[in-house]
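Presented below is the structure to which this report refers.
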Amino acid sequence: MIRRFIRYYKPHIKMFSADMCCAFMLALCSLLLPNVTRTMINDYIPNGRIRHLFIAAGILLCAYVLKWFLNYFIQYYGHVVGVRMQGQMRREMFQKIETLPFSFYDNNKTGALMSRMINDLFDVSELAYHGPEDIFVSAVLLIGSFVGMAMMDIWLTLIIFAFIPFMLWFSAKKRVKMSRAFKRSREEVAEVNATLENSISGVRVSKAFCNIDTETEKFDRNNISFMDSRKEAYKVMAEFHAGNTLIIDALYVVVLLAGGLFTYYGRINAGDFVAYLLYVSVFLDPIRRIIGFIEQYQNAMSGFSRFLEIMDTEPEADDPDAVAIEKVRGEISFEDISFSYGDDKTVLSHITMQVAPGCKLALVGPSGGGKTTLCHLLPRFYEVGEGRIKVDGVDIRKITRESLRKSIGIVQQDVFLFTGSIYDNILCGRTDATKEEVIEAAKMANIHEFITALPEGYDTYIGERGVKLSGGQKQRISIARVFLKNPPILILDEATSALDNITEAAVQQSLESLCHGRTTLVVAHRLSTVRNADEIVVLTDDGIAERGSHAELMEKDGIYAGLYNTQFETN
């Protein structure tokens with residue numbers, strides 16, 4: 001894991017090297033103070049060398065000005081390195097998430113993924129900046145202070161440095177507990193984010209059903225779990241810091257006692273003792289850095305491990321011999337298809353059917369029969385369990401996903417619009433389209449007149465998920481997307497079931513235009529919308545129960561006729 005973390009420094013090696021050079025010079029400046037102080041007390045002051053005293057003071061002042069510049073450079077550019085590394089990781093994570101299959105999103109919450117991308121990577125960037133600097137500076141200061149102290153008295157120095165193994169042992173002992181505590185804390189943060197994202201997205205439903213108290217209770221449960229996890233983490237941190245502080249305080253007592261005795265017995269003079277105390281301060285600075293680094297390392301590495309969990313997830317991948325498909329005619333073959341979502345229940349079992357180019361096939365039947373699942377298998381949102389699907393006689397597993405999906409347009413019941421303008425949402429159907437092509441697509445979807453009547457026209461901001469638009473308006477924008485994409489194969493998944501009759505009639509007219517000349521799969525519960533389909537297939541839990549035209553199935557007087565008559569009588 002460390003090796004994978006280090007590789008993110010490579011693009012920023014120049015700035016990182018400059019930061020380390022400044023850190024090295026900063027450490028040397030810190031080591032300068034005890035030596036100059038020792039000389040001033042032992043030589044310049046008792047011998048009345050006032051000129052040299054001022055020179056030494058000037059040297060110290062220059063050193064402190066240099067330290068100011070070095071600290072500024074390190075604080076700014078060091079953090080810039082961390083931010084750039086964080087941005088690089090976030091970009092890679094976003095790109096990876098975009099390549100993951102639908103099954104990944106079935107098992108992961110949006111808020112939890114956002115927590116990994118934002119919260120976790122922020123702590124990783126802090127380690128990226130502070131970690132190497134703290135280790136490097138600590139090593140320089142420890143070595144430098146050891147040499148300086150040993151030159152004055154090796155035995156007193158060995159007594160002080162004997163505390164280091166004990167401190168390392170104590171820190172290592174607490175490290176495991178800190179790792180577990182930080183990991184649990186991150187998991188709880190992710191749950192809080194997921195609950196919050198879900199509740200905010202559904203706030204209109206909560207208000208409509210007066211479920212605010214219920215949503216608050218759900219949030220409180222996750223919030224309390226998060227607080228408990230943080231309390232556990234802070235308890236371990238308190239043990240860690242309190243224990244190390246006790247060791248450092250004990251070290252001060254030992255220095256004062258041993259140094260006082262050494263001075264009393266004449267092993268060192270007063271100037272050396274003062275210098276020694278300053279060296280001890282220098283010595284304790286890297287100790288504090290190392291203690292802080294251990295805490296930061298555990299916090300950041302728990303976040304980096306969660307980042308790697310995403311990065312190591314298997315993405316959607318094309319077969320090595322897959323090729324891009326061009327000039328698709330739209331012939332579709334489902335050959336002995338079976339599929340399940342990973343549990344014991346089989347959603348589709350041995351489905352076989354053909355769809356000729358330009359034909360319209362309707363999938364109807366009770367909920368849970370696998371109609372939508374079958375449509376999701378065609379663009380390879382999920383992989384077929386058994387059997388195979390062919391487009392123009394080619395197994396879709398031998399076709400690149402990008403070219404396959406470019407050949408398929410989808411209009412769903414639950415339309416998703418991105419936050420932004422109407423123009424941007426239509427343009428996502430084909431991002432290289434011209435403005436004239438976008439407008440033409442809107443006209444074909446019967447939405448152009450509505451858009452131009454708005455004060456800002458195509459630049460109208462539609463709110464999050466198109467909240468400022470009606471269901472019919474959102475649906476026609478999604479239809480305009482597909483017109484702009486102009487695919488040879490079309491999937492209509494309950495495209496009008498959520499609309500009222502008047503709006504449905506308007507949208508249905510747009511859909512009829514959209515379907516013209518395209519191979520179309522229609523999933524519908526409103527059977528009145530599929531009477532003109534070339535073939536209707538009735539899917540149930542047991543597979544294909546009936547198939548034929550509307551007239552043939554009505555004459556058969558089976559499941560389809562029963563469903564149709566029921567809807568007709570109800571209407």
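The values are calculated or read from the model by the stated rules, or taken from the named source; none is laboratory data. Everything quoted here is computed from the prediction, not taken from an experiment. As a convention, Cβ positions derive from the backbone with ideal geometry for all residues, glycine included, and neighbour counts pool all protein chains shown. The protein model used for the area step is the full one, side chains on, heavy atoms only, and it has no ligands, DNA or RNA in it. Shrake-Rupley method; radii C 1.70, N 1.55, O 1.52, S 1.80 Å.
Tabulated values for the structure
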{"quantity": "Within the chain: Cβ-based charge dipole about Cα centre, in debye rounded to nearest 20 (Lys, Arg +1; Asp, Glu -1)", "calculated": "2580"}
{"quantity": "Helix-only mean residue ellipticity at 222 nm for the chain, each DSSP H run of n ≥ 4 adding -39500 (n - 2.57), per residue, nearest 500", "calculated": "-21000 deg cm²/dmol"}
{"quantity": "Helix runs (DSSP H) in the chain reaching 30 Å along axis by Cα, Kyte-Doolittle at least -0.5", "calculated": "13-39, 50-99, 121-152, 163-201, 212-264, 270-311"}
{"quantity": "Positive-pole candidate from Val355, Met554, Ile59, dipole of the chain, charges at beta carbon", "calculated": "Ile59"}
{"quantity": "Exposed chymotrypsin sites (Phe, Trp or Tyr not before Pro) absent - longest run of the chain, DSSP non-H/G/I/E/B, at most 15 other C-beta within 10 Å", "calculated": "1-208"}
{"quantity": "Dipole-positive endmost among Val394, Phe73, Ala181 within the chain (Cβ charges, Cα centre)", "calculated": "Phe73"}
{"quantity": "Net dipole in debye of the range 278-397 [+1 Lys, Arg Cβ; -1 Asp, Glu Cβ; about Cα centre; nearest 20]", "calculated": "460"}
{"quantity": "Structure-derived Kirkwood radius over Cα pairs in Å - corresponding label in (i) 26.0; (ii) 28.9; (iii) 29.8", "calculated": "(iii)"}
{"quantity": "Carbon/sulfur fraction of accessible area - the range 70-170, other protein chains in place, 1.4 Å, %", "calculated": "69"}
{"quantity": "Simple label model, 7 Å out from Cα along Cβ direction - Glu386 to Ser470, nm", "calculated": "4.9"}
{"quantity": "Additional length obtainable on full extension of the chain from Ser225 to Arg3, 0.36 nm per residue less Cα span", "calculated": "76.6 nm"}
{"quantity": "Aspartates and glutamates with Cα under 13 Å of Lys327, excluding same-chain neighbours fewer than 8 positions away", "calculated": "Asp392"}
{"quantity": "Reach of Lys14 by Cα under 30 Å, taken over lysines that are not fewer than 8 positions away in the same chain", "calculated": "Lys67, Lys96"}
{"quantity": "Computed FRET value (nearest 0.05) for Tyr64 with Ile248, which takes r as the C-beta separation and R₀ as 30 Å", "calculated": "0.75"}
{"quantity": "Cβ-Cβ FRET estimate between Ser17 and Asn119, R0 fixed at 25 Å, reported to 0.05", "calculated": "0.25"}
{"quantity": "Distance in nm between pseudo-label sites at Tyr76 and Asp557 (7 Å out along the Cβ direction from Cα)", "calculated": "8.8"}
{"quantity": "Formal net charge of residues neighbouring Leu26 (Cβ-Cβ distance under 13 Å; K, R +1; D, E -1)", "calculated": "-2"}
{"quantity": "Residues whose placed amide H lies under 5 Å from that of Val347, excluding near-sequence neighbours", "calculated": "Phe339, Ser340, Tyr341"}
{"quantity": "The range 340-468, relative contact order in percent, only Cα pairs under 8 angstrom and at least six apart counted", "calculated": "19"}
{"quantity": "Förster radius 35 Å - calculated FRET efficiency between Ser367 and Ile212, Cβ distance, rounded to 0.05", "calculated": "0.70"}
{"quantity": "Surface share of carbon and sulfur [accessible, 1.4 angstrom probe, percent] for the range 339-436", "calculated": "51"}
{"quantity": "Lys/Arg +1, Asp/Glu -1 at C-beta; the chain dipole; positive extreme among Leu113, Leu257, Ser145", "calculated": "Leu257"}
{"quantity": "Length-normalised contact order for the range 392-545 - Cα pairs under 8 Å, 6+ apart - percent", "calculated": "29"}
{"quantity": "Normalised contact order of the chain, rounded percent, pairs of Cα under 8 Å and 6 or more residues apart", "calculated": "14"}
{"quantity": "Neighbourhood charge, 14 Å Cβ-Cβ cut-off, centred on Cys359 and excluding it, Lys, Arg +1 and Asp, Glu -1", "calculated": "0"}
{"quantity": "Pair-distance profile P(r), taking every C-alpha pair of the range 354-396, with 10 angstrom steps and integer %", "calculated": "24, 53, 23, 0"}
{"quantity": "Unit charges on C-beta of K, R, D, E only; dipole of the range 367-482, Debye", "calculated": "480"}
